[in-house]
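The structure under discussion appears below in the form of structure tokens.
The values are calculated or read from the model by the stated rules, or taken from the named source; none is laboratory data. The structure presented is a predicted model; accordingly, all values stated were derived computationally and were not measured. Cβ placement follows ideal geometry from the backbone for every residue including glycine, while neighbour counts extend to all protein chains displayed.
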Amino acid sequence: MSEVRAKKIEVIARCPECYGVLSFQKPRIKCSQCDASYSYEKECPVLMRPQDKDRLSSFLRTHHEQTVPAVNNRVRRAFFPPGPCYDPRREKRMERLWSRFDASHVVIDVGAQTKRLKEYILNVDMAAFDGVDLVANALRLPIADGTVDLIINTGVLEHVENVEEVVKEFKRVLRPGGVVYTEIPFMQGYHPDPTDFQRLTYQGLDRTFKDFDIEDMEISSGPFSNLAWLIREVVASFFERERSFTWVWMLSGWISFWIKYFDRFAVSRKFAHRVASSYYVTAKKR
């Protein structure tokens, strides 16, 4: 982890048990208020309460299904098809965010896994994947109130059990005027990672972010991304053996992935949101 990101974490991080100030002295992290102790994993602070760790372990053992169960060897991974989703306006959309929130701001990416969007962004996830800066529970972020300028979460809210509680945590840690940027599926197929709980419409997003001022809400991946996703799933669903399902799923993915690029012309259409693959929303804390 870079020294700059480590310093930012030490400034904003708080004890997940009592939200007390933490003392970072490797190999332990101590709370000055409740005397709770936390550890590091791969140089990454693990700030989760014991009960949250236990629940997460149990949760992962119970929900171990994957989108394509049999993609578990090198040969299959080598033939894995391109993704079915295309978001033609994402690059410009993200550049607008970066112009507002640069390295001088505190930006966290919740559910980032291994991908880092910018060098100065703090990656937060529930496990110490490569590239993660802070291991935490999104339902109880170990972050001080009102210290974050921008929260990014892409393809995360469909996987959490309680969306309202997570969004409430986002509101708590954001500064007044801080922004949350979310991408969430609408008509995408089932894709557990390790679970998959919900989809939200425009109205659902309005209700979820009712305590924020919504700046922008639109299609991210459009109807042709949805169609590309459906083709691979529908064709593969005729096969009941796991191995057959997997190979047919991958083959149909290679045959159909290119359909998504028609979204370059479709995402701006008036009624495209009715069958869009996913949406995005940018919302500001009042």
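Suppose the filter is polar (S, T, N, Q), buried (at least 19 other Cβ atoms within 10 Å of the Cβ) and either at pLDDT 95 or above or within 30 Å of Ala103 (Cβ to Cβ) (or both); does Thr147 pass it? Here the answer is no, as Thr147 does not meet what is asked. Kindly establish whether Glu233 is surrounded by fewer than 22 Cβ atoms within 10 Å (Cβ to Cβ), out of contact with any Asp or Glu (no Cβ under 7 Å at 6 or more places or on another chain) and not in a loop (DSSP other than H, G, I, E, B). In short, yes. Restricting attention to region 13-35, the residues that are more than 19 Å from Ala128 (Cα to Cα) and hydrophobic (A, V, I, L, M, F, W, C) total 5. Of the candidates Val135, Val173, Val160, the single residue that is under 17 Å from Arg14 (Cα atoms) and either aromatic (Phe, Trp, Tyr) or at pLDDT below 95 (or both) is Val135. Checking each residue in region 16-31 for being out of contact with any Lys or Arg (no Cβ under 9 Å at 6 or more places or on another chain), at pLDDT 90 or above and farther than 17 Å from Leu141 by Cβ picks out Arg28, Lys30.
Checking each residue of region 135-146 against the condition of being closer than 14 Å to Lys284 by Cα and not aliphatic (A, V, I, L, M) gives at least one match. With respect to Asp133, is the statement that it is in contact with a Gly (Cβ under 8 Å, 6 or more places away or on another chain) and in contact (Cβ under 8 Å) with a residue 12 or more places away in the chain true? Here the answer is no, as Asp133 does not meet what is asked. Please find, within region 1-20, the residue that is farthest from Lys42 (Cα to Cα) out of those that are surrounded by fewer than 14 Cβ atoms within 10 Å (Cβ to Cβ) and among the aliphatic types (A, V, I, L, M). Among residues in region 1-20 that are surrounded by fewer than 14 Cβ atoms within 10 Å (Cβ to Cβ) and among the aliphatic types (A, V, I, L, M), the one farthest from Lys42 (Cα to Cα) is Val11.
Residue-by-condition table, conditions (1) hydroxyl-bearing (Ser, Thr, Tyr); (2) under 25 Å from the mean Cα position of the chain (by Cα); (3) modelled with pLDDT of 95 or more:
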position	(1), (2), (3)
Asn226	no, yes, yes
Trp247	no, no, no
Ser256	yes, no, yes
Ser268	yes, yes, no
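Restricting Arg199, Arg207, Arg241 to residues that are more than 17 Å from Asp87 (Cα to Cα), loosely packed, with under 15 Cβ neighbours inside 10 Å and under 22 Å from the mean Cα position of the chain (by Cα) narrows the list to Arg207.
For Ser244, all conditions in the list (1) in a helix (DSSP H, G or I); (2) free of Cβ contacts under 8 Å to residues at least 40 places away in the same chain; (3) under 24 Å from Arg93 (Cα atoms); (4) not β-branched (Val, Ile, Thr) hold save one; what is the number of the exception? Among (1) in a helix (DSSP H, G or I); (2) free of Cβ contacts under 8 Å to residues at least 40 places away in the same chain; (3) under 24 Å from Arg93 (Cα atoms); (4) not β-branched (Val, Ile, Thr), Ser244 violates only (3).
For region 252-259, state whether one or more residues are in contact with a Phe, Trp or Tyr (Cβ under 6 Å, 6 or more places away or on another chain) and in a loop (DSSP other than H, G, I, E, B). Walk me through it before giving the result.
To start, the set of residues in region 252-259 that are in contact with a Phe, Trp or Tyr (Cβ under 6 Å, 6 or more places away or on another chain) comprises 259.
Going one step further and asking which of them are in a loop (DSSP other than H, G, I, E, B), we end up with none.
Checked against the condition, which is being in contact with a Phe, Trp or Tyr (Cβ under 6 Å, 6 or more places away or on another chain) and in a loop (DSSP other than H, G, I, E, B), region 252-259 yields no hits at all.
In this structure, Tyr181 does not qualify as surrounded by fewer than 20 Cβ atoms within 10 Å (Cβ to Cβ), closer than 24 Å to Ala272 by Cβ and of a type in the set (Phe, Trp, Tyr). From Ile214, Ile152, grab the single residue that is part of a strand (DSSP E or B) and surrounded by 22 or more Cβ atoms within 10 Å (Cβ to Cβ). None of the others qualify; the one that does is Ile152.
Is it the case that region 192-200 has a residue that's under 25 Å from Arg286 (Cα atoms) and outside any loop (DSSP other than H, G, I, E, B)?
No: region 192-200 contains no residue that is under 25 Å from Arg286 (Cα atoms) and outside any loop (DSSP other than H, G, I, E, B).
Matching residues to (1) modelled with pLDDT under 95; (2) assigned to a helix (DSSP H, G or I); (3) within 26 Å of Thr154 (Cβ to Cβ); (4) in contact with a His (Cβ under 6 Å, 6 or more places away or on another chain):
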{"residue": "His64", "(1), (2), (3), (4)": "yes, no, yes, no"}
{"residue": "Ala70", "(1), (2), (3), (4)": "yes, no, no, no"}
{"residue": "Arg77", "(1), (2), (3), (4)": "yes, yes, yes, no"}
{"residue": "Cys85", "(1), (2), (3), (4)": "no, no, yes, no"}
{"residue": "Ser104", "(1), (2), (3), (4)": "yes, no, yes, no"}
{"residue": "Ala112", "(1), (2), (3), (4)": "yes, no, yes, no"}
